[in-house]
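Trainee: Mind looking over this structure? Questions follow.
What follows draws every value from the coordinates through simple rules; no lab data is involved. Just so it is clear, the model here is predicted, and its values are computed rather than measured. All Cβ positions, glycine included, derive from the backbone under ideal geometry; neighbour counts span all protein chains shown.
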Amino acid sequence: MTGGGLALDGNRWVRPRNKRYLFDGVALSAAYRDRLLGRIKRAVAAGQMVWPAAEPPLGQTLAALGAKGWEVYIWAFAGPQAVTDYLSRYVHQVAISNHRLVKLEGGKVTFEYYDNKDRTEAGGKGKKKQLSLPVLTFMRRWLSHVLPPGYKRIRYYGLHHSSARQEKLARCRQLLGLAAALPEVAEPSLMEWLTEILGEEVDRCPHCGAKGSLSERSSFEQLSWLGGLILSLFGQPTPAGVCR
């Protein structure tokens, strides 16, 4: 969400009245609560949702929920780069990060997780633990996070929508004293990307220190023992440390 907006006449940038926030978080939580509960009530009345007979009456339940204070998580970022860094950790991965996977052994997948019920202090992060699941159970849980066909992970609204991005967004940048065109972002190479993710030079042999050995190492590990021996005699890096 942008910190302001383009005026209806397109001639000025409208800033929020309060520099600290765009809107009242308490009012937002109440509006979200009322809208959601209203949609549930209409869905039950239209037969689109079946209210379980074993539950308390719908009106009583909605009244109890409406009396509660709902929370909407709002976080003010330090700047655009902080927003990009935060979103990049979530929008292009599914369910679990690779670094949380510990091992695949005996038909079970072991991974790390944080047990929020086991906290050292109130509001702190849960204790890190490991859990082993059968492969099929792990895959079923993982696939439950994959979006069905037709759903989008990222949607753009307002100034970033495709219908407004070309003209209105450029106009906003002009009013804010910025260049009309968005700055180009340099695409990192594969090696630069892997180094940033893994935190090490992936194309350097861990045994002899030779650079540019990623392709040779990956090819070597697929060869027979005889082919590997021949390559090692010619000084190719090996996972066993036979380097020249």
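Trainee: Arrange the following residues from fewest to most other Cβ atoms within 10 Å of their Cβ: Ile40, Ile154.
Mentor: In order of increasing Cβ crowding within 10 Å: Ile154, Ile40.
Trainee: Let me ask another. Could you tell me the largest-minus-smallest coordinate of the C-alpha atoms of the stretch 22-75 on each of the three principal axes, in descending order and whole angstroms?
Mentor: 41, 19, 15
Trainee: About its Cα centre, how strong a charge dipole does the stretch 24-131 have in debye, to the nearest 20, once Lys and Arg get +1 and Asp and Glu get -1 at the Cβ?
Mentor: The dipole of the stretch 24-131 has a size of about 200 debye.
Trainee: Taking just the alpha-carbon atoms of the stretch 92-146, what radius of gyration and Dmax come out, in angstrom?
Mentor: For the stretch 92-146, the Cα radius of gyration and maximum Cα-Cα distance read 12.7, 37 Å.
Trainee: For the stretch 1-75 and the stretch 99-164, write down the distance between their C-alpha centroids in whole Å.
Mentor: 27
Trainee: If Lys and Arg each add +1 and Asp and Glu each add -1, what is the summed charge of the other residues whose beta carbon sits under 14 Å from the beta carbon of Leu147?
Mentor: Charge balance near Leu147 sits at +3.
Trainee: For Ala186, what charge total do you get from the other residues with a beta carbon under 14 Å from its beta carbon, if Lys and Arg give +1 and Asp and Glu give -1?
Mentor: Net charge in that neighbourhood comes out at -4.
Trainee: Sticking with this structure for a sec: Would you please classify the overall shape of the stretch 1-118 from the alpha carbon gyration tensor, given that a ≥ b ≥ c denote the square roots of the eigenvalues, rounded means a/c under 1.5, and beyond that prolate means a/b larger than b/c while oblate covers the rest? Please report the intermediate quantities before stating the final value.
Mentor: Numbers: a/c = 2.35, a/b = 1.05, b/c = 2.22.
Here the stretch 1-118 falls in the oblate category.
Trainee: Can you compute the charge dipole magnitude of the stretch 1-59 about its Cα centre, using +1 on each Lys and Arg Cβ and -1 on each Asp and Glu Cβ, nothing else charged? Give it in debye, rounded to the nearest 20.
Mentor: For this selection, approximately 280 debye.
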